[in-house]
Amino acid sequence: MVLSLDRWVGKVAIVTGASSGIGAAIAEQLVEQGIKVAAFARRQGRLEELATKLSDKKGKLYPVKVDMTKEEDILNGFEWVKENLGPVHILVNNAGTGEYGNLTDGDTETWQNVFQLNVIGLCIATREAIKDMKANNVDGHIIHINSTAGHQTFVGLNVYPASKFAVTALAETLRLELNSLKLKIKITSLSPGLVNTEILSEEFKQSERFKKIIEGKQILDPVDIADGVIYVLSTPPHVQVNENVYISYLL
């Protein structure tokens with residue numbers, strides 16, 4: 001099997017939640033590979049800083065201010081890409097959030113916010129990307145940044161595991177739909193374990209448990225997940241990676 005990103009060079013990728021962490025790492029690697037990246041996030045300043053950092057790379061990053069919890073923002077973002085960059089070839093659904101706590105005393109608004117971003121926002125972006133790919137006869141690739149919490153539950157993560165179990169089901173359902181429609185659009189679910197990003201609360205980062213995790217190198221870096229995205233995109237058109245799980249080798 002020959003691994004190559006040549007067929008994506010000069011094409012358009014959308015990366016959601018691209019202002020920091022995993023999303024920023026993915027966007028950076030795609031730009032380095034010569035891909036035009038529409039970076040969706042709420043923090044425009046962060047996106048512009050990243051665009052400046054990558055200004056001398058083979059591809060280019062385009063900051064697009066999008067709140068992934070708002071359908072109108074998502075639709076406007078896709079419309080901007082259509083008008084300014086061209087057909088979408090790659091969508092990386094990275095934007096996500098998690099709230100700590102227990103279900104027994106959870107907050108309704110918190111639950112709604114998690115599902116709105118992790119599930120509904122992802123579904124809207126996926127729908128719009130596939131609509132664009134079909135209209136332009138693009139054999140594209142959809143990548144959901146999932147979580148090991150999408151395969152097993154953990155106490156104290158509130159509804160986060162439930163939202164990620166939904167992502168697991170959505171990826172598999174979409175794969176079956178695409179197959180039934182005879183579309184050559186790939187769908188991959190990448191499920192990282194613990195990653196050192198802003199999704200981790202400051203309280204947790206100050207804890208003795210986190211310090212031991214860092215000292216023992218029992219945590220992933222965002223670039224590790226970006227490497228996984230590059231790998232699945234580099235596979236030949238006839239090869240589809242349905243699911244990849246990434247954890248520290250010490251865990």
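The numbered conditions (1) crowded, with 16+ Cβ neighbours inside 10 Å; (2) in a loop (DSSP other than H, G, I, E, B); (3) not β-branched (Val, Ile, Thr) are all true for Ala24 except (2). Counting only helices (runs of 4 or more DSSP H) that sit wholly inside region 54-141, those with at least 2 residues that are closer than 24 Å to Val195 by Cβ are 108-115, 122-135.
The residue list Glu109, Glu99 contains one member that is under 22 Å from Asn158 (Cβ atoms), among the acidic types (Asp, Glu), in contact with a Ser or Thr (Cβ under 6 Å, 6 or more places away or on another chain) and surrounded by fewer than 22 Cβ atoms within 10 Å (Cβ to Cβ), which is Glu99. Here the condition is being touching a residue at least 40 places away in the same chain (Cβ under 8 Å), surrounded by fewer than 16 Cβ atoms within 10 Å (Cβ to Cβ) and of a type in the set (Ser, Thr, Tyr); of Ser55, Ser4, it holds for Ser4 alone. Can you confirm whether Asp139 is more than 22 Å from Leu220 (Cβ to Cβ), touching a residue at least 24 places away in the same chain (Cβ under 8 Å) and loosely packed, with under 15 Cβ neighbours inside 10 Å? Answer is yes for this residue.
For region 121-157, filtering for residues that are among the small types (Gly, Ala, Ser) and farther than 17 Å from Phe78 by Cβ leaves 4.
Of all residues in region 28-49, count the ones that are without any contact (Cβ under 8 Å) to a residue 40 or more places away in the chain and either aliphatic (A, V, I, L, M) or in a helix (DSSP H, G or I) (or both).
10
Close contacts from region 221-232, counting a first residue that is under 14 Å from Ile90 (Cβ atoms) and a second that is at pLDDT 95 or above and among the acidic types (Asp, Glu), with Cβ to Cβ under 8 Å and a gap of 6+ residues or different chains, come to Ala226/Glu28. Can you find even one residue in region 153-168 that is of a type outside the set (Phe, Trp, Tyr), out of contact with any Phe, Trp or Tyr (no Cβ under 8 Å at 6 or more places or on another chain), crowded, with 19+ Cβ neighbours inside 10 Å and closer than 19 Å to Pro237 by Cα? No, region 153-168 contains no residue that is of a type outside the set (Phe, Trp, Tyr), out of contact with any Phe, Trp or Tyr (no Cβ under 8 Å at 6 or more places or on another chain), crowded, with 19+ Cβ neighbours inside 10 Å and closer than 19 Å to Pro237 by Cα.
Pairs please, first residue from region 179-193 and touching a residue at least 24 places away in the same chain (Cβ under 8 Å) and surrounded by 16 or more Cβ atoms within 10 Å (Cβ to Cβ), second anywhere and part of a strand (DSSP E or B) and of a type in the set (Phe, Trp, Tyr), Cβ atoms under 9 Å, 6+ apart in sequence or on different chains. So the pair list comes out as Leu190/Tyr246; Ser191/Tyr246; Pro192/Tyr246; Gly193/Tyr246.
For region 82-96, give me each residue that is surrounded by fewer than 19 Cβ atoms within 10 Å (Cβ to Cβ) and closer than 26 Å to Val223 by Cβ. If the condition is that a residue be surrounded by fewer than 19 Cβ atoms within 10 Å (Cβ to Cβ) and closer than 26 Å to Val223 by Cβ, then Leu85 is the only one that fits.
Number of residues in region 60-98 that are β-branched (Val, Ile, Thr) and in contact (Cβ under 8 Å) with a residue 60 or more places away in the chain equals 5.
Of all residues in region 152-171 being outside any helix (DSSP H, G or I) and either at positive phi or within 15 Å of the chain's Cα centre (by Cα) (or both), which is modelled with the lowest pLDDT?
Among those that are outside any helix (DSSP H, G or I) and either at positive phi or within 15 Å of the chain's Cα centre (by Cα) (or both), it is Gly156.
Screening Thr69, Thr97 for residues that are within 17 Å of the chain's Cα centre (by Cα) and at pLDDT below 95 leaves exactly one candidate, Thr97.
The values are calculated or read from the model by the stated rules, or taken from the named source; none is laboratory data. Just so it is clear, the structure is predicted and the values come from calculations on it, not from any experiment. Note that each Cβ is placed from the backbone with ideal geometry, even for glycine, and that neighbours are counted across all protein chains shown.
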